[in-house]
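Here is the structure we will look at, set down as structure tokens.
Just so you know, all these numbers are worked out from the coordinates, no wet-lab data involved. As the structure is a prediction and not an experimental result, all values here were calculated from the model. In this analysis, Cβ positions are derived from the backbone assuming ideal geometry, glycine residues included, and neighbour counts consider all displayed protein chains.
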Amino acid sequence: MAILALIVINKAGGLIYNRTFGDGLNQLNTNDYLVLAGTFHGVHAITARLNPLKGLMAQQQPATVTAGGVPIPSRPEPPSGLEVLESENFRLQCFNTLTGTKFLLFTDTMQTNVDVVMRKVYDLYSDYVMKNPFYQLEMPIRCETFDRKLNSYIREINSSR
């Protein structure tokens, strides 16, 4: 069980961070990572629009009634898009933030608690990148503290297996 790589994609589909932690994946060059980020962004956008039960669910949703007797429909769940892609060699987990930033975590297929790991990675991003006064939104992440904390956390997970 291991964490293999992390990729962060901005809301426009551009690659803003990539780091490989294990040697379970083929080594890619920078251009391949850029293509991967753009392709995943497009596929994610398409899958977010696919919802075969949308019309059926709208009919079954009960309306909430206010004190004035005016019905207010309940708010539907936002579309999520592609969240998990699993193959025989690796598992890809996507966490999409409310701002549209996507975190792609490549793990071994036997890795447990991927949601917990993803949440901790997002917490590190929030603490060391977003609170950095020199970081500009949507630009590549170049923050040494984030790199050190992330590497330490992933090394801890990978060594505990």
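Would you mind getting me the FRET efficiency between N31 and N132? Use the beta-carbon distance for r and R0 = 30 Å, nearest 0.05. Intermediate values should be presented prior to the final figure.
Numbers: r = 27 Å, r/R0 = 0.91.
After rounding, the FRET efficiency stands at 0.65.
What are the ³J(HN,Hα) values, in whole Hz, obtained from phi via the Karplus relation 6.51 cos²θ - 1.76 cosθ + 1.60 with θ = phi - 60°, for each residue of the range 11-22 in sequence order, with x given for Gly and Pro?
3J(HN,Hα) across the range 11-22, in whole Hz: 5, 8, x, x, 6, 10, 6, 8, 8, 9, 10, x.
Which distance in nm do the two modelled labels at V116 and T97 give, with both placed 7 Å along the Cα-to-Cβ direction?
With each label point 7 Å from Cα toward Cβ, the separation is 2.3 nm.
Within a Cβ distance under 15 Å of E138, other residues only, what is the Lys/Arg minus Asp/Glu net charge?
Working: positive: K11, K102, R142; negative: none.
Net local charge, E138 excluded: +3.
With a 10 Å radius around each residue's Cβ, average the other Cβ atoms per peptide and rank 97-103, 16-22, highest first. Write out the running numbers ahead of the final one.
On the way: 97-103: 14.6, 16-22: 18.3.
The most tightly packed comes first, giving 16-22, 97-103.
Quickly work out the S87-to-T145 label distance, labels modelled 7 Å from Cα along the C-beta direction, and quote it in nm with one decimal.
3.7 nm
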